[in-house]
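A short write-up of the structure that comes next.
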Amino acid sequence: MFGLAIGFLSPWLLMGLLALPVIWWLLRLTPPRPQEEVFPPAGILEKLIKPEETPAKSPWWLTLLRLMMTALVICAMAGPILNPQESLLEGEGPVLIVIDDGWAAAGNWDERREVALTLAAQAREAGRTVILESTTNSTPWDGRPVSAEEAIKLLEAAQNQPLKPNHKNTATRILTNAIQAKPGHIAWLSDGLSRSDTSNLIAALKTVNTGRSLYLPPANELVIIDAVQNLPAKLRGTLVRGNTNEAREISITGRDLKGVVLARRKIMFENGVSETEFAFDEPVELRNQIARLELDDINNAGAVQLLDESNQRRLVGLISGEKHDQSQPLLSPLYYISKALEPFSDLRRSDDANVAASVPQLLAQGVSAIVLADIGLLPEEAADTLGEWVSKGGMLIRFAGPRLAVSPDRRLLPVDIRPGDRSLGGALSWETPKPVAPFELQSPFSGIDAPREVVVNKQVLALQESDLESKTWATLEDGTPLVTAEQRDHGWIVLFHVSSDARWSNLPLSGTFVEMLRRVVNLSKSTGRPITEREEISLSPLRLLDGKGNFVAPGISVKPLTLSAEHEPTVSLENPPGFYGTEDGFTALNLFTGQTKLALLNPEDLGPGFNRQSYLGESPFDLKPWLLLVAAILLALDCLAVFWMGGALRLRQLHPRSPTPAIIVLLGIGAMLLSTGITHAQENEIDFSAALRTRLAYVITGVKSVDNLSAAGMRGLTYFLSNRTALEPGEPVGLDMSTDELAFYSLIYWPIDPQAAIPDAATMARVDAYMKEGGSILFDTRDQISGVFGGTSASPAALSLRQILSNLDIPPLEPVPSDHVLTKSFFLIDSFPGRFSGGDLWIEASQKSAEQDGRPARAGDGVSSILITSNDFAGAWAVDRNLRPLLPTVPPDPIQRNYAFRGGVNLMMYALTGNYKADQVHLPALLERLGQ
Amino acid sequence: MVDPEFFHAANLPLVGHSPMSPAIGTSTRRETGREIMGRARARAALIPDLLVEARRVANTVFSGWHGRRKRGVGENFWQFRPYVVGETMARIDWRRSARDNNIYVQDKEWQAAHTIWLWVDESPSMLFKSDLGTVAKQSRAMVLAFAMAELLARSGERTGWMGVSRPLLSRNAAEKLAEHLAVAPVQTEFPAGSDLGNHCDLIIFSDFLDPVETTVSRLAELAKSGVRGHLVHLIDPVEETFPYKGRVEFQDPESGAKIIAGNAETLQQAYSAEFASRSTALRQTTTDLGWSYTKHHTDRLASEALVALHTHLGSSVTGGQ
């Protein structure tokens, strides 16, 4: 368990390692494959090389690699096992496995189950049956021997429960069932805690004289939350732990129903202390929202306490000073209060108009708060009862009104009030009605926006006292109190200095009133729903805890929680801890409700006969497949190395006609996958800039040298155009005819290379559309010099061009006539040389009509959509980065290059301006008509 | 300034060699006339017209286009001279004779074509191309041969290709030769016993890797028939520098024989000396025969060899007059 424990199934095989030196010697002798070279003058070498040839040595790393490979295979064959495990079982006969599967097992449940599975697996190997027993009795195990396979299945499905183990019942079951089967070995997978009934179990296990093993968790870290109370001042509870040996810091977190952290405390356990208290003194608003307390980093059902108090609907009793007037409900003092309280509390009205009778009636119903609306004089008896109730934690909410204002009874009021009321903004007053001032931070109302629309016309005034300010929860703008409150022992008395109807102020009409009442009522202590003796309430499960303390949906075995006056609800398999009820009001059922002690199970107390074990962290691990895997990887590396040394992996020179197929295909696929997204983005960008600026364009043929030349040629022509003409094209762009948008380019240069792929029909359809929409394409076969043999056959480039054009709708062509506008569109030229001279430039044949005779320029309608040359224009235009020509013209003649550039300018001007130049022949006539 | 090998520059391999790097040399595919033609023409365009040394031009029935600057058979006017009795009456120029009392004969300028044979060794060893050379030897030899053919045709010489075509006198002789070559069998051996005729020139493009003795005896045989030979010795740079290292297996592309060198770098000196001695032997032989010898490395420009050949073929024309 500690360090690396490695055992071998067949250690004698390790003798094979002795052979390693021999293998090393053999490996050193094998020469690597020589470099192969074609060498025509090999005959000369034959004279020079002596016949004997000593074997060269392998590189040392290759030898090392092979030796390691051999050693690994030998080791793997010997069957190494990490953490070899000895047999855990003794004796013969069924194996009894007792598992503590309660809440305390949650921390190391997986290890526990692993141990149980190991035991069952060993029982299977030994052919023994297995008896399973769970101390919570939450499993379908019936305590009878089952086959080991079935036991494994049962164990795989087992989960620990949020329940307390019952060792007494377990002992009974074991005595009745398991012991009858005469178990040969007993294993108790304990959770490490000793309970009051644990001795029963120990006794039961000792009844048979067999091998016994006791499994204990390595260190008992269990801590639980117990006895949580939400008092008005603070939320407090106790933390209990079993292991008291060391000081420990525990973090406790309070969350609301949605799991949001509301409060967190760090609690320190001193050394030797088993219980410590904690308290949350957050504002009551926040505290009341806490629904779940949990210990961080401790995952079991005991470390979670659920709180229901704050979320229960309060019972609020209403008592009014006047009779209900059903005909004018809006004038009833309780009307607005009822409307404001209804959404979040249960209202109780007294049936009796008599206050003295109604108060005990309401108190008997267990109200949390009582609202007294404009009751001035309280009967003596009722006042005493109420006072007592308040000091026990009741919440008394009083509203002023005409009666209270004149009443001399000053009992059960938070502050002393002036007799009479104060009128604001009346006919006889200088003052105007007062709005409510913003709520102070320490007030329970803080956070509520002060209602600007609320004005108070009338109020009762408090007598000036030294502690008035501290009792004031809300004031008017002039500082007079609107709401005052006083705490009496555990309870509160709250006074609204206005009436509860709309006569004194419009506060009861505002939404703020609802919010204020909610805050006030929430302050009150929930009394819980009182259950009368005969009543039984059934609550359906809402959210339940699992063994690890997480909320889960109720399972099928869960039954509704029955509350009755007789007994407290207890946690059982049918009623696991959790929330029961509905979202609006629910009851929490907790595992621990107070006075819990955790005692550790001391192995010494068990007496002899228990073989103490601990849950193994490590299980046996077969290293053989992994060693073989590493050896296989080394073998693959060795193969690669041999291939590499033999030259099989060399990248062959990529020849356009004979590419290394696999590499090209792989690279191609990779590039396609990578580039599809990129080119798409780029495409739009290029389109965008192309639409804004004229650019020269060429077709990317896929033959690298041709494309480079085209790019350089376009660059050269761009430079020439910028220098000589008003046209300043942008950076030239290479086009993929199959995908790129062509509409932005007036002239596209298309070099024909026999090696380039012929575009498919779809691409040619695009090209056809482009040409029909007014674009021009300049085809260049670039083969004028390598020529046509005797004119009898076409050159490969010409054949290629023919194939391309076969898909296009091509008009009749002619060589550029000497009077064509193309010869005059910028420079006056008579031929169109490129790198070669002599080839003709072919364009669409223009109709020669009689009327055009005598004109200096002839033009067809529109621009020729196709131009064909064989003079290698791009070759003549091509310049390098320093604007020096890349290729010589044939013959080497600087004038020819200049003419080539001029031809290019004319072509571009022709493509851009069309017949404009031809139309200019009319200019003299036009000027004459204008009288210039 | 300009890289005439632009089309090949794109395919230039990396130069460099380590014991485990890819092989230095490879056998390339055979290039044919069509592809070579454009490159050859580009080379030929750089060279001025070539007039084959007239001294060597014997009387021949074939008329060429080049005036030999002396009286003879031709079409262009050369001179009027007095009629000598015995000459045929048909040669009298009556128009000139009518102007005075003498009778004149119009002489034409002698226009004669010279016959020049080309032969390119296309044996497998010629297909060798190393990382250091720009093209294969065969490719370079073809370019040179076609460029020569183009040049010669431009000058009106008769150009033939040993084993492929008889001598042609045509402006587009180079193209025609290429057409013939396209259908002719591959020339791996010098055509033995072929009748070249007297007083013609023969340009042999080869790597001359056969044993030196064989080559020398073959050349001597040719020289007996009065042929003036021009050897162009094509060498891949690797064949001369021998940059191999470590354990290398050399394969002869012609015979397929393999030979393993354990430490190739130790052979370098001995090999270079041996290779140089072969070149020297060849040069000596040609000097003895009165022939010319041009060594050409494939990493150099083709034009260099062309200029050298041009000099050898036309030396006396420029130097003599």
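The values are calculated or read from the model by the stated rules, or taken from the named source; none is laboratory data. Just so it is clear, the structure is predicted and the values come from calculations on it, not from any experiment. A quick note on method: Cβ atoms are made from the backbone with ideal geometry, for glycine too, and the neighbour counts reach across all protein chains shown.
Yes/no matrix, rows are residues, columns are (1) under 17 Å from the mean Cα position of the chain (by Cα); (2) of a type in the set (A, V, I, L, M); (3) within 14 Å of chain A (Cβ to nearest Cβ):
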| site | (1), (2), (3) |
| --- | --- |
| B:77 | no, no, no |
| B:91 | no, no, no |
| B:102 | no, no, no |
| B:107 | no, no, no |
| B:121 | yes, no, yes |
| B:127 | no, yes, yes |
| B:139 | yes, no, yes |
| B:179 | no, no, yes |
**Item:** Filter result for residue A:606 (at pLDDT 75 or above, more than 36 Å from the chain's Cα centre (by Cα) and surrounded by 12 or more Cβ atoms within 10 Å (Cβ to Cβ))
**Value:** no
**Prompt:** Of the residues that sit in segment B:115-163 and are in contact with a Pro (Cβ under 6 Å, 6 or more places away or on another chain) and assigned to a helix (DSSP H, G or I), which one is surrounded by the fewest Cβ atoms within 10 Å (Cβ to Cβ)?
**Reply:** B:124
**Request:** Search segment B:22-35 for residues being in a loop (DSSP other than H, G, I, E, B) and at the interface with chain A (Cβ under 7 Å from one of its Cβ atoms), and hand back the single one that is modelled with the lowest pLDDT.
**Result:** B:22
**Prompt:** Can you find even one residue in segment A:570-578 that is modelled with pLDDT under 75, outside the structural domain of residue A:38 (by TED's automatic domain parsing), closer than 30 Å to residue A:276 by Cβ and not small (Gly, Ala, Ser)?
**Reply:** no
**Prompt:** Can you name the residue in segment A:95-114 that is buried (at least 24 other Cβ atoms within 10 Å of the Cβ), of a type outside the set (Gly, Ala, Ser) and out of contact with any His (no Cβ under 6 Å at 6 or more places or on another chain) and is also nearest to residue A:180 (Cα to Cα) among such residues?
**Reply:** A:96
**Message:** Quick check on segment A:370-379. Is at least one of its residues within 18 Å of residue A:492 (Cα to Cα), modelled with pLDDT under 90, outside any helix (DSSP H, G or I) and in contact with a His (Cβ under 7 Å, 6 or more places away or on another chain)?
**Reply:** no
**Request:** Among the residues of segment A:434-446, count how many are free of Cβ contacts under 8 Å to residues at least 60 places away in the same chain and surrounded by 12 or more Cβ atoms within 10 Å (Cβ to Cβ).
**Result:** 8
**Request:** Scan segment A:538-562 for residues that are crowded, with 21+ Cβ neighbours inside 10 Å and over 27 Å from residue A:110 (Cβ atoms) and jot them down.
**Result:** A:561
**Asked** Inside segment A:425-531, counting only strands (runs of 3 or more DSSP E) that do not spill past its ends, which hold 2 or more residues that are under 22 Å from residue A:393 (Cα atoms)?
**Response** A:472-475, A:481-488, A:491-499
**Complete:** Scanning segment B:239-260 for residues that are without any contact (Cβ under 8 Å) to a residue 12 or more places away in the chain, more than 7 Å from chain A (Cβ to nearest Cβ) and touching a Phe, Trp or Tyr at 6+ places or on another chain (Cβ under 8 Å) gives B:258
**Request:** Could you tell me whether any residue of segment B:178-186 is in the same structural domain as residue B:44 (by TED's automatic domain parsing) and more than 30 Å from residue B:25 (Cα to Cα)?
**Result:** yes
**Complete:** Selection from segment B:217-270 of residues modelled with pLDDT of 85 or more and at positive phi yields B:242
**Request:** Residues that are away from chain B (no Cβ under 14 Å), farther than 30 Å from residue B:208 by Cβ and modelled with pLDDT under 75: find the helices (runs of 4 or more DSSP H) completely inside segment A:17-89 holding 3 or more of those.
**Result:** A:20-29
**Item:** Selection within segment B:261-305 - part of a helix (DSSP H, G or I), touching a residue at least 60 places away in the same chain (Cβ under 8 Å) and within 14 Å of chain A (Cβ to nearest Cβ)
**Value:** B:278, B:281, B:282, B:302, B:303
**Request:** State whether one or more residues within segment A:700-711 are within 21 Å of residue A:775 (Cβ to Cβ), more than 14 Å from every other protein chain (Cβ to nearest Cβ), at pLDDT 70 or above and assigned to a helix (DSSP H, G or I).
**Result:** no
**Request:** Could you look through segment B:194-222, keep only residues that are surrounded by fewer than 18 Cβ atoms within 10 Å (Cβ to Cβ) and small (Gly, Ala, Ser), and pick out the one that is nearest to the other protein chains (Cβ to nearest Cβ)?
**Result:** B:217
**Output for segment B:173-193, where each listed residue is out of contact with any strand residue (DSSP E or B) (no Cβ under 9 Å at 6 or more places or on another chain) and surrounded by fewer than 17 Cβ atoms within 10 Å (Cβ to Cβ)** = B:182, B:183, B:185, B:186, B:188, B:189, B:192, B:193
**Prompt:** Among B:87, B:109, which is the only one that is at pLDDT 70 or above and assigned to a loop (DSSP other than H, G, I, E, B)?
**Reply:** B:87
**Complete:** Per the filter on segment A:877-887, residues within 12 Å of another protein chain (Cβ to nearest Cβ) and touching a Gly at 6+ places or on another chain (Cβ under 7 Å) are A:878, A:879, A:887
**Prompt:** Taking only pairs six or more apart or across chains, which ones have beta-carbon atoms under 6 Å, a first residue in segment A:780-809 that is under 23 Å from residue A:769 (Cα atoms) and within 12 Å of another protein chain (Cβ to nearest Cβ), and a second residue that is at pLDDT 70 or above and in a helix (DSSP H, G or I)?
**Reply:** A:781/A:797; A:781/A:798; A:781/A:801
